[in-house]
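Here the structure comes first, spelled out in structure tokens, and everything after it is commentary.
The values are calculated or read from the model by the stated rules, or taken from the named source; none is laboratory data. Note that the coordinates shown come from a computational prediction; the quantities given were computed from them, not determined experimentally. We place every Cβ from the backbone using ideal geometry, glycine too, and count neighbours over all the protein chains shown.
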Amino acid sequence: MRVLLLPAALLALAVTGCAGETRRACTLIAATGGIEVEVAQRLAARADRATLTACWAGSCRTGQVREFVPLSDLPAAPVRVTLRLSGPDLAVAETTRLTPEVTYPNGPGCPPETARARVRMDVTGTLRAG
């Protein structure tokens, strides 16, 4: 009986030792850096056009707002963001500052690493990060 227990114990020890060496495979989810935009419904319904301008390191990039504005080189550093809404009876332009956060859609240590942020404009036209 002791003869059978020894091989079983050695097998359990070998399996346990291997468990710490398992490698996690990275998924292949693509991700683009950028800024998600949320506008209060009452303002959004009156807007024919919405643009977002993001400025950092002495340069600016402008994109059309379709909920998300892709900015592949968006840094995880302070950014000045201006959201402009326009329509027949609407002209709103508000600016705020934010710091995008680094995200890892495939998990820590797996590429790609992207920076993302979010802005919200309330019904009064106030723009806030987050």
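The combined condition, being small (Gly, Ala, Ser), touching a residue at least 40 places away in the same chain (Cβ under 8 Å) and within 24 Å of ASP73 (Cα to Cα), is fulfilled by ALA117. Listed by first and then second residue, the pairs with beta-carbon distance under 6 Å, at least 6 apart or on different chains, first residue in segment 34-55 and assigned to a strand (DSSP E or B) and charged (D, E, K, R), second surrounded by fewer than 21 Cβ atoms within 10 Å (Cβ to Cβ) and modelled with pLDDT of 95 or more, are GLU36/PHE68; GLU36/ARG118; GLU38/ARG120; ARG49/SER86.
Restricting attention to segment 56-72 and to residues that are under 12 Å from ALA115 (Cα atoms) and part of a loop (DSSP other than H, G, I, E, B), the residue that is modelled with the lowest pLDDT turns out to be SER72. Taking the numbered list (1) in a loop (DSSP other than H, G, I, E, B); (2) farther than 26 Å from ALA129 by Cβ; (3) at pLDDT below 80 in turn, THR16 passes all entries but (1). Residues in segment 93-117 that are surrounded by fewer than 16 Cβ atoms within 10 Å (Cβ to Cβ) and in a strand (DSSP E or B): ALA93, THR95, ARG97, GLU101, VAL102, THR103. Hey, among the residues in segment 36-76 that are under 21 Å from THR126 (Cα atoms) and touching a Phe, Trp or Tyr at 6+ places or on another chain (Cβ under 8 Å), which one's surrounded by the most Cβ atoms within 10 Å (Cβ to Cβ)? The extreme case among them is VAL37. For segment 73-92, does any single residue satisfy the condition of being at positive phi, of a type in the set (Asp, Glu), in contact (Cβ under 8 Å) with a residue 24 or more places away in the chain and assigned to a loop (DSSP other than H, G, I, E, B)? Looking through segment 73-92, none of the residues is at positive phi, of a type in the set (Asp, Glu), in contact (Cβ under 8 Å) with a residue 24 or more places away in the chain and assigned to a loop (DSSP other than H, G, I, E, B).
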